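Enquirer: Got a structure for you, questions after.
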Amino acid sequence: MNVLFFASLREQLQCAQTQVPDLPCGSTVRELMQHLVARGEPWSSAFADARVLAAVNQEMVSLDTPVQAGDEVAFFPPVTGG
């Protein structure tokens, strides 16, 4: 699974993407986030904000959306406007 990071998440992690080959079948986006947080710093700090947004295969989804091998998952920081 290819995982992409945008904006401040990319800056905090100092990487634009990573591969997650070992996520159990039937996992959700939320479980993917927990898997990344388990890597320790800077992952745990980057995902400390529960308002992180996600897209699977370029479609915005909820954190309860299932993901599977071969998916492209992207994470975005919360968006503010004004």
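The values are calculated or read from the model by the stated rules, or taken from the named source; none is laboratory data. Quantities reported herein were computed from a predicted structural model and do not represent experimental measurements. Calculation scope for accessible area: heavy atoms of the full protein, side chains included, ligands and nucleic acids excluded. Shrake-Rupley method; radii C 1.70, N 1.55, O 1.52, S 1.80 Å.
Enquirer: Which residues, counting only those in the stretch 29-42, are open to solvent by 30 Å² or more (accessible area, probe 1.4 Å) and not aliphatic (A, V, I, L, M)? Give the steps one after another, and end with the answer.
Expert: Kept after step one, since they are open to solvent by 30 Å² or more (accessible area, probe 1.4 Å), are these residues of the stretch 29-42: 30-31, 34-35, 37-39, 41-42.
The answer is R30, E31, Q34, H35, R39, E41, P42.
Enquirer: Among the residues of the stretch 43-82, how many are over 19 Å from R10 (Cα atoms) and among the small types (G, A, S)?
Expert: Number satisfying all stated conditions: 5.
Enquirer: For L4, which of the numbered conditions (1) of a type outside the set (G, A, S); (2) closer than 15 Å to P77 by Cα; (3) open to solvent by 50 Å² or more (accessible area, probe 1.4 Å) fails to hold?
Expert: Result: L4 fails condition (3) only.
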